[in-house]
Amino acid sequence: MSAKKNILVSSLIGIGIAAVSSCLVSLLLLAKGAGSLTMTVAEYTQMLAGIILVGLGFGLPSIVYQNDKLAPAYQVLIHMGTGCLVMTLVSFWTGWIPVKAGFWPAFLTIAGEIAVAFIVWLIFYQQEKKLARKMNNRIKQLKK
C-alpha cells in the first residue's frame, strides 16, 4: 500500500474510532441519568470538529509503526503521546473536561480519556500480535 493510502486509511480509522467512542460516551451519560444532551449548532459543530481532530491526532501518527528503524517503545511514545496530547488539548477546547467542577473531576476526566485511549491501543496491539504469531507459524510450516 502506498504511503498516501496508508495515511488516508489511518486517518479514517482514527476518525471512526473517535466517532464511535463519542457515541458510546453520550449513551453512557444518558444511561447514567444525564437527562438530555442539548447543545447549540455552534457547540455541535465544535464537538464534531473535536472528534475529527482527535481521530486525526491518533490516526495520523499511527503510521510511525511502519518505520522498522524505530524501536517499538519509541513508536508507541510518538503515536500515543501525540494522540493523547491532541485529545487533551481538544478536550479543553470543546469543554469535554469539566474545568468548572474543580480539579478532581477535570483530572479524572483526563485520566479516563487517556485510559480509554490505551485500552483501544491495547486491543489493536493484541490483534496485530495475534496476526504476527499466525504468520510466523505459517512460515514455520512452509519451511518444514
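Being part of a helix (DSSP H, G or I), open to solvent by 70 Å² or more (accessible area, probe 1.4 Å) and not acidic (D, E) narrows it down to one of F58, F124, so name that one.
On the way: F58 fails: open to solvent by 70 Å² or more (accessible area, probe 1.4 Å).
Exactly one of F58, F124 is part of a helix (DSSP H, G or I), open to solvent by 70 Å² or more (accessible area, probe 1.4 Å) and not acidic (D, E), namely F124.
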**Study point:** Positions within the stretch 92-144 being more than 13 Å from the chain's Cα centre (by Cα) and of a type in the set (G, A, S), in sequence order
**Key:** G95, A101, G102, A106, A111, A132
Point to revise | Hits in the stretch 12-53 (condition: more than 26 Å from I119 (Cα to Cα) and open to solvent by less than 50 Å² (accessible area, probe 1.4 Å)) | key: none
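Can you confirm whether the stretch 89-103 contains a residue that is under 28 Å from K4 (Cα atoms) and open to solvent by 40 Å² or more (accessible area, probe 1.4 Å)? So that I can check it myself, show each step before the final result.
Within the stretch 89-103, the subset under 28 Å from K4 (Cα atoms) is 89-90.
With open to solvent by 40 Å² or more (accessible area, probe 1.4 Å) added as a condition, the list becomes 89.
Yes, the conditions are met somewhere in the stretch 89-103.
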Review point. Just checking, which of I78, I52, I63, I139 is in a helix (DSSP H, G or I), at pLDDT below 95, of a type in the set (V, I, T) and within 29 Å of K4 (Cβ to Cβ)?
Key: I63
Check your understanding: Within the group W96, W104, which residue is in a loop (DSSP other than H, G, I, E, B) and hydrophobic (A, V, I, L, M, F, W, C)?
Key -> W96
Check your understanding: For D68, which of the numbered conditions (1) farther than 25 Å from I13 by Cβ; (2) at pLDDT below 95 fails to hold?
Key -> (1)
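Do you know which of the residues in the stretch 66-75 that are assigned to a helix (DSSP H, G or I) and open to solvent by less than 80 Å² (accessible area, probe 1.4 Å) is nearest to F92 (Cα to Cα)?
Going through the stretch 66-75, the residues assigned to a helix (DSSP H, G or I) turn out to be 66, 72-75.
With the extra rule that they be open to solvent by less than 80 Å² (accessible area, probe 1.4 Å), the set shrinks to 73, 75.
Values: A73: 28, Q75: 26 Å.
Looking at residues that are assigned to a helix (DSSP H, G or I) and open to solvent by less than 80 Å² (accessible area, probe 1.4 Å), I get Q75.
So if I check each of V99, V76, V86, V116, which one is of a type in the set (V, I, T), within 29 Å of T38 (Cβ to Cβ) and in contact (Cβ under 8 Å) with a residue 40 or more places away in the chain? Steps first, please.
Values: V99 fails: in contact (Cβ under 8 Å) with a residue 40 or more places away in the chain; V76 fails: within 29 Å of T38 (Cβ to Cβ); V86 fails: in contact (Cβ under 8 Å) with a residue 40 or more places away in the chain.
Within the list V99, V76, V86, V116, the selection yields V116.
Provide a single number: the residues in the stretch 116-136 that are basic (K, R) and closer than 19 Å to A73 by Cβ. Reasoning before the result, please.
Our first condition is that a residue be basic (K, R); within the stretch 116-136, this holds for 129-130, 133-134.
Then keep just the ones that are closer than 19 Å to A73 by Cβ; that gives 129.
So the count comes out to 1.
Condition first: of a type in the set (V, I, T) and either touching a Cys at 6+ places or on another chain (Cβ under 9 Å) or assigned to a helix (DSSP H, G or I) (or both). Now tell me which residues in the stretch 1-49 satisfy that. Please lay out each step first, then the result.
First, the residues of the stretch 1-49 that are of a type in the set (V, I, T): 7, 9, 13, 15, 17, 20, 25, 38, 40-41, 45.
Once the filter is applied, which keeps residues that are of a type in the set (V, I, T) and either touching a Cys at 6+ places or on another chain (Cβ under 9 Å) or assigned to a helix (DSSP H, G or I) (or both), the stretch 1-49 yields I7, V9, I13, I15, I17, V20, V25, V41, T45.
The values are calculated or read from the model by the stated rules, or taken from the named source; none is laboratory data. Because the structure is predicted, anything quoted here is derived from the model rather than measured. Every residue, glycine among them, receives a Cβ derived from its backbone with ideal geometry; neighbour counts consider all protein chains shown. Note: accessible area is taken over every heavy atom of the protein model, side chains too, but ligands, DNA and RNA are not part of it. Shrake-Rupley method; radii C 1.70, N 1.55, O 1.52, S 1.80 Å.
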